[in-house]
1. Which residue fluctuates the most in the chain, going by a Gaussian network model with Cα springs under 10 Å, if the choices are P35, P46, P13?
2. Kindly report the accessible area of the chain per residue (heavy atoms of protein chains, probe 1.4 Å, no ligands, DNA or RNA), in Å².
3. Between the DSSP loop rule and a limit of at most 12 other Cβ atoms within 10 Å, which chymotrypsin sites (Phe, Trp or Tyr not before Pro) in the stretch 43-81 are left?
4. Which ³J(HN,Hα) values in Hz, rounded to whole numbers, follow from the phi angles of the stretch 36-43 under the Karplus curve 6.51 cos²θ - 1.76 cosθ + 1.60, where θ = phi - 60° and Gly and Pro get x?
5. Leaving out ligands, DNA and RNA, what percent of the accessible area of the chain is carbon and sulfur, probe 1.4 Å?
6. Within the chain, which is the longest segment containing none of the trypsin sites (Lys or Arg not before Pro) that sit in a DSSP loop and have at most 14 other Cβ atoms within 10 Å?
7. I'd like the GluC sites (Glu not before Pro) in the chain restricted to DSSP loop residues with at most 15 other Cβ atoms within 10 Å, sorted by number.
Amino acid sequence: MKLVNYRQVRSEPVTDEGAKDTTIAWALSEKDGTPNFSMRIFKVQPSGYTPLHSHSWEHEIFVIGGEGILVDEGKEYRLKA
């Protein structure tokens, strides 16, 4: 078990090509003994974004503040807290 306040998880810039003004914090990862699940916390600034990409695994998004747009298979979905 890992018990941590998400605000205390160290974040770092997203360095993927095409990303701008976005940070990532790994709340859970393989380093925590969870090889089949990860929980990441992204902070996207008003001018920020991540590049269009896809995953071959299940993927969830939970918005805790602000708003944005998610693109899935060419369709846009508005997100908000």
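1. Of the options given, P35 has the highest mean-square fluctuation.
2. Working: 7290 Å² over 81 residues.
Per residue, the chain has 90 Å² of solvent-accessible surface.
3. Those that pass, being in a loop and sparsely packed, are W57, F62.
4. 10, 8, 9, 10, 10, 10, 9, 10
5. Here carbon and sulfur together make up 51 percent of the probe-accessible area.
6. Answer - 11-81.
7. Details: sites: E17, E30, E58, E60, E67, E73, E76; in loops: E17, E58, E60, E73.
Counting only loop positions with at most 15 other Cβ atoms within 10 Å, the GluC sites (Glu not before Pro) in the chain are E17, E58, E60, E73.
The values are calculated or read from the model by the stated rules, or taken from the named source; none is laboratory data. All of these numbers come straight from a predicted model, not from anything done at the bench. Reconstructed Cβ throughout: ideal geometry from the backbone, glycine too, with neighbour counts over all protein chains shown. Note: accessible area is taken over every heavy atom of the protein model, side chains too, but ligands, DNA and RNA are not part of it. Shrake-Rupley method; radii C 1.70, N 1.55, O 1.52, S 1.80 Å.
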